[in-house]
């Protein structure tokens with residue numbers, strides 16, 4: 001097996017045998033999906049069309065924003081990256097392969113939701129599967145980029161949790177998941193425009209649900225695409241092998257520039 | 001003498017205002033075990049990390065078999081095997097996975113024979129976090145040897161190891177030396193350095209204060225040679241006995257213990273005294289100053 005295959009295979013298995021990762025990749029989001037779908041469909045039957053986009057974005061958030069950064073920080077703190085470096089493992093593999101394997105776990109969990117929601121909760125399937133793939137791919141791309149960036153810049157695991165929750169919690173409240181964006185007004189809607197989940201739901205509605213590609217949808221596509229590219233570029237630029245060796249090519253504050261496309265989105269949306 | 005495989009010239013590295021390594025230079029010859037000694041904070045690990053490509057030197061030139069660790073990190077990692085002082089592997093990575101993983105990055109087939117050699121074969125399926133410190137160190141060593149590098153860099157390799165594991169590691173280091181592999185060893189264990197190293201350099205506050213073979217270093221010190229002797233009739237225990245060259249003498253459990261700066265003359269006098277008193281030797285030991293004593297002497301001198 002070549003180096004990429006060996007590394008990918010190891011990281012993929014880690015996502016299943018490491019308990020906290022298994023929890024973030026599958027147990028937590030799938031349990032949440034079952035409980036919330038059961039409750040919401042009883043309380044509000046109009047929630048059914050939102051089950052698939054909401055729960056798929058939720059899965060992506062838990063695995064890539066809550067699950068992905070912590071192992072990166074722990075590995076750096078434990079000197080694992082140093083072992084990798086002296087054995088010729090490239091920096092790109094160190095950040096990209098965990099992102100790829102976590103993305104695969106997120107896709108598996110998303111598929112479980114997409115194909116069981118119509119059976120158990122009478123949720124409508126996407127009408128445009130190509131649109132669904134674009135929604136899934138872009139959502140994963142941007143969240144993976146942000147997850148890796150959090151993992152790269154966080155000084156320790158406590159800070160990681162703080163950064164992750166800064167995206168996760170507002171996404172749940174004002175990011176179009178539990179409350180549709182159309183119901184949010186004023187400041188809350190503006191805050192929602194800073195969150196990738198808002199744009200993901202927008203893309204789902206436009207492409208997968210067949211509402212059509214309007215200006216908002218094009219803007220959402222652009223924001224997620226640029227946000228993802230920027231996040232990966234910044235993560236690669238700010239990557240450091242070692243907690244003891246704090247030499248970076250730039251200040252960790254530079255990572256905040258990842259907000260630029262979302263700020264533009266906020267101004268235009 | 002052949003061309004050195006490791007050449008360090010005017011290496012300087014500081015962290016902010018703290019000068020960790022101050023303009024040091026040394027050469028390591030092919031097939032030798034070279035010890036880098038010093039107390040904690042002397043600059044050993046920083047020096048090694050500059051050699052391993054983990055840190056960028058502020059100044060100076062390093063060549064490892066002609067490879068510049070700053071400019072050609074990829075080639076460097078195929079030239080050296082590294083056992084780091086502080087490093088780890090992912091907790092859930094098994095011994096077998098680790099071997100496959102690192103061999104894949106070095107572009108070589110997995111070296112399961114090394115797992116056999118280092119007593120890790122039956123632990124192939126064990127996860128890293130379940131291994132004892134000794135087994136984790138052995139695994140790190142197996143991984144550093146997997147791509148058959150001509151140079152091994154070891155940073156405190158026996159730290160945390162029990163006595164049998166230390167002995168095994170020393171045997172393995174001797175075996176590697178006999179196969180022509182060069183070992184650069186950083187340690188603060190003087191007994192280990194004295195036993196294993198062909199040459200040593202003592203680092204103190206970022207500077208190399210002395211370089212040489214352990215024998216050369218111990219011979220140049222002012223420390224005294226300890227002579228311990230016991231005889232059948234205890235004729236040496238008489239208080240009026242004078243021994244030329246001996247600076248101090250004491251009696252311990254019917255043994256005469258004296259510390260001599262001229263061991264030849266002292267021994268000659270002891271033997272003459274025994275013969276004169278029709279006595280016979282039961283036990284006689286001559287212990288030259290250890291590298292540890294010499295090291296303490298050097299560090300005390302420099303501290304003054």
Chain A: mean projected area of Cα convex hull, nm²: 14.3 nm²
Max mean-square fluctuation residue, GNM over chain B, Cα-Cα springs under 10 Å, options B:174, B:40, B:72: B:72
Helix B:291-303 axis, angle to chain B major axis (alpha carbon atoms, nearest 10°): 80 degrees
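Fewest to most neighbouring Cβ within 10 Å: what's the order for B:250, B:141, A:146? Don't skip to the answer; put the middle values down first.
Values: B:250 9, B:141 23, A:146 28.
So the residues, fewest neighbours to most, are B:250, B:141, A:146.
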Which of B:202, B:151, A:60 has the fewest Cβ neighbours within 10 Å, and the rest in rising order: B:151, B:202, A:60
Highest-MSF residue in chain B out of B:20, B:246, B:159 [GNM, Cα springs under 10 Å]: B:246
Residues A:115, A:262, sorted so that the one with the fewest Cβ neighbours within 10 Å comes first: A:115, A:262
Nearest 10 degrees, 0 to 90: helix A:215-238 Cα axis against chain A principal axis: 10 degrees
Mean separation of Cα contacts under 8 Å (6+ apart) over length of chain B, as relative contact order %: 19 percent
Spin-label pair residue B:18/residue B:234, simplified geometry with 7 Å Cα→Cβ offset, distance in nm: 5.6 nm
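At R0 = 51 Å, how high is the FRET efficiency between residue B:288 and residue A:133 if r is their beta carbon distance? Nearest 0.05 is fine.
Details: r = 77 Å, r/R0 = 1.52.
Efficiency computed from Cβ-Cβ geometry: 0.10.
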Relative contact order (%) - chain A, alpha-carbon pairs under 8 angstrom, separation at least six: 23 percent
Principal-axis tilt of helix B:95-106 within chain B, Cα atoms, nearest 10 degrees: 70 degrees
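When the chain is fully extended, how far beyond the present Cα-Cα distance does residue A:237 get from residue A:182, taking 0.36 nm per residue of separation? Spell out each step's value before the answer.
Numbers: separation 55, 0.36 × 55 = 19.80 nm, distance 3.73 nm.
Between residue A:237 and residue A:182, full extension yields an extra 16.1 nm.
Bear in mind these aren't lab numbers, they're just calculated from the coordinates by the rules spelled out. These numbers were taken from a predicted model, which means no experiment stands behind them. With ideal geometry, Cβ positions are generated from the backbone for all residues, glycine too; neighbour counts draw on all protein chains shown.
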